[in-house]
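Nothing in this text is a laboratory measurement; each read-out follows from the coordinates by a stated rule. If you're wondering where the values come from, they're calculated on a predicted model, not measured in any experiment. A quick note on method: Cβ atoms are made from the backbone with ideal geometry, for glycine too, and the neighbour counts reach across all protein chains shown.
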Amino acid sequence: MNYASEARVPTANGARYAAQLGKHWAHNLKVEEDGAVRRITFPRDARGADWPGEGVATLAPSDEVLTCRIEASAPEQLEGLKGAVQRHIDRFAFREAPLAYEWHDEAPASA
């Protein structure tokens, strides 16, 4: 994975949203739990795609912030996953949505 982005989303309900989204995506994706942190793996061929590699979203809640980190194998995959994560969290956060997402892209890592 060569591309990454992170957003710190202000919410006091991050643990709830991470758990709900993890449970939701566990029906068809690999979801790992480490305490309140959820790590979701998107296969390289998800939804008919053909990315160079898989994508990973990590949701790490704290008291007032949900940190969302996405790692991807291509810039287009990264953008797609940012949108998917954001839309899904906002569905669970309907009482306070839309939440404020300010994505910070990291410089691509060397292959």
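Going by amide H atoms built from the backbone, whose H comes under 5 Å of the H on THR67, apart from near neighbours?
Amide H to amide H, under 5 Å and 5 or more residues apart or across chains, THR67 pairs with VAL9, ALA60, SER62.
Over the alpha-carbon set of segment 3-105, work out the extent along each principal axis and list the three values in angstrom, largest first.
36, 27, 22
Averaged over all directions, how much area does the convex hull of the C-alpha atoms of segment 62-111 cover when projected, in nm²?
4.2
So how tilted is helix 14-25 from the main axis of the chain? Cα-based, degrees 0 to 90, rounded to 10.
Rounded to the nearest ten degrees, it is 50.
Taking R0 as 22 Å, what's the FRET efficiency between ALA109 and GLU6 from their Cβ-Cβ distance, rounded to 0.05?
Computed FRET efficiency for ALA109 and GLU6 comes out at 0.95.
Contour minus end-to-end for LYS23 and PHE92, with contour as 0.36 nm per residue of separation and end-to-end as the Cα-Cα distance?
23.7 nm is the gain from fully extending LYS23 to PHE92.
Mind checking the dipole of segment 38-107: about its Cα centre, +1 per Lys or Arg Cβ, -1 per Asp or Glu Cβ, Debye to the nearest 20?
Computed charge dipole of segment 38-107: roughly 340 debye.
Report the label-to-label distance for GLU32 and ALA49 in nanometres (one decimal), using points 7 Å from each Cα along the Cα→Cβ vector.
1.9
Taking the 0 to 90 degree range and rounding to the nearest ten, how far is the long axis of helix 75-92 tilted relative to the main principal axis of the chain, both from C-alpha atoms?
Tilt relative to the chain: about 20 degrees.
Between segment 65-92 and segment 22-36, what's the alpha-carbon centroid distance in Å?
About 15 Å separates the Cα centre of segment 65-92 from the one of segment 22-36.
For segment 40-111, run through the chymotrypsin sites (Phe, Trp or Tyr not before Pro) and keep only the ones in DSSP coil with at most 11 other Cβ atoms within 10 Å of their Cβ.
PHE94
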